[in-house]
Amino acid sequence: MKHNSICILGGTGFVGKYIASRLVSSGKHVRILTRNRNNHRDLLVLPNLELVEADVFDTSQLETHIKGMDAVINLIGILNERQHNGDGFRKAHVELPKSILGACLKLNIPRIIHMSALNADANLGPSFYLRTKGEGENALHTFSSGRLAVTSFRPSVIFGPGDSFLNRFAMLLKIIPFFFPLASANARFAPVYVGDVADRFVQALDDKSTFGKHYDLCGPEEYSLKQLVEYTATTLGLKKHVIGLPDFISKIQAYTLEWFPGKPFSIDNYKSLKVDSVCQQSAHEPTSMDMIVPSYLGNDNRQTEYDALRKIARRL
Ligand SMILES: NC(=O)c1ccc[n+]([C@@H]2O[C@H](COP(=O)([O-])OP(=O)(O)OC[C@H]3O[C@@H](n4cnc5c(N)ncnc54)[C@H](OP(=O)(O)O)[C@@H]3O)[C@@H](O)[C@H]2O)c1
């Protein structure tokens, strides 16, 4: 079966924009649910895209807006919660997927593609983030059957124009003079390009061989966090000395910043970094950081695939 109309939850975010732009350019009809339509009106220049304001945690609103669609893509995820007890993570990563599942079963929607995270594990995850991501993923797959096919993707950190990871370090490197103190500097990552992630979502949509499967997604190279920050500094042409903080100071920093507005680094982030975000399998996504990062880091005139599509749409 071809899935032609797709509802995306979290489609206004970094990854969602890439997936949405690829879906509309392959002729699919896309409906994105958002908490604030006005903030994302620029997405409306994409052809065949609807932007609908909704509270996805309200089951009746969720059902109203996914009714009649062929597939649901769930990208909603948080790195930090307002609380400190895991309730925010459980709501976003466990209750929401369960409610999407219930709504899809009730409305006979046959396809869900779900964004989890590398190392998500309901039992062994060291942080609320990773445990709840694992629990939500498990809940969806328990019901994956002939009637409803679920595929989950589990990426390492994702890079590309508009990412918050490298761009955040870039911003900090520009304002912190000479020495850059870095918590959890030895944590390892295999950064994966957002375009490769979006390709995998779009290809999986109608591909039966992906039904019921979980896929770890990693880029072709591994880096420690320290190497990633050094890479960012070098790309920006900044001479900075990155100093990895001892573990106990990283922990103190996490316990302190946990209470800062916006939680720039939290205890839960610190715990997530205790497990390396690298893949065990040998197949990796093709695009390296060298191929993409220099074109956007520190470049105010960032040209994303989505921006390019906007230009095309204006000409239509
Ligand atoms: N970026 C990475 O490096 C990375 C790595 C591994 C896994 N992931 C996972 O990939 C997914 C997408 O990541 P992303 O970087 O694109 O995230 P993002 O830019 O933060 O976008 C997520 C979107 O979800 C919606 N959202 C966020 N919190 C919400 C909440 N509490 N209630 C309702 N809606 C909420 C927001 O849409 P509105 O504001 O329009 O409602 C937001 O645009 C997430 O599940 C994330 O955990 C990301």
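Observations on the structure shown:
- Remark: pairs (first residue in the range 1-22, farther than 16 Å from SER164 by Cβ and in a loop (DSSP other than H, G, I, E, B); second residue modelled with pLDDT of 95 or more and within 13 Å of the ligand (Cβ to nearest atom); Cβ separation under 6 Å; 6+ apart in sequence or on different chains) = GLY11/ALA20; GLY11/ILE32.
- Residues of the range 143-176 satisfying the condition of being touching a helix residue (DSSP H, G or I) at 6+ places or on another chain (Cβ under 7 Å), part of a loop (DSSP other than H, G, I, E, B) and within 13 Å of the ligand (Cβ to nearest atom): VAL157, GLY160, PRO161, GLY162, ASP163, SER164
- Within the range 1-31, being in contact with a Ser or Thr (Cβ under 6 Å, 6 or more places away or on another chain) and near the ligand (Cβ under 9 Å from one of its atoms) holds for one residue alone: THR12.
- In the range 36-53, the residues that are assigned to a loop (DSSP other than H, G, I, E, B), surrounded by 13 or more Cβ atoms within 10 Å (Cβ to Cβ) and near the ligand (Cβ under 9 Å from one of its atoms): ARG37
Rundown of residues vs (1) part of a loop (DSSP other than H, G, I, E, B); (2) touching an Asp or Glu at 6+ places or on another chain (Cβ under 8 Å), yes/no style:
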| position | (1), (2) |
| --- | --- |
| ALA233 | no, no |
| ILE243 | no, no |
| LYS251 | no, no |
| PRO264 | yes, no |
| ASP268 | no, yes |
| LYS271 | no, no |
| VAL275 | yes, no |
| GLN280 | yes, yes |
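- For the residues LEU101, LEU75, the requirement of being in contact with a Phe, Trp or Tyr (Cβ under 8 Å, 6 or more places away or on another chain) and modelled with pLDDT of 95 or more singles out LEU101.
- Taken as a whole, the structure places ILE113 among residues that are over 26 Å from PRO261 (Cα atoms) and more than 9 Å from the ligand (Cβ to nearest atom).
- In the condition set (1) over 20 Å from the mean Cα position of the chain (by Cα); (2) surrounded by 18 or more Cβ atoms within 10 Å (Cβ to Cβ); (3) among the polar types (S, T, N, Q), THR234 is compliant with all but (2).
- Considering the conditions (1) within 29 Å of PHE211 (Cβ to Cβ); (2) within 13 Å of the ligand (Cβ to nearest atom); (3) out of contact with any His (no Cβ under 8 Å at 6 or more places or on another chain), LEU124 is excluded by exactly one of them, (2).
- Residue identified as at pLDDT below 95, more than 11 Å from the ligand (Cβ to nearest atom) and either of a type in the set (S, T, N, Q) or surrounded by 13 or more Cβ atoms within 10 Å (Cβ to Cβ) (or both) among GLN83, GLN61: GLN83
- Lone unmet requirement of (1) outside any loop (DSSP other than H, G, I, E, B); (2) touching a residue at least 24 places away in the same chain (Cβ under 8 Å); (3) surrounded by fewer than 19 Cβ atoms within 10 Å (Cβ to Cβ) for PRO126: (1)
The values are calculated or read from the model by the stated rules, or taken from the named source; none is laboratory data. No experiment lies behind these values; they were computed from the predicted model shown. Positions of Cβ are generated from backbone atoms using ideal geometry, with glycine treated the same way; all protein chains shown enter the neighbour counts.
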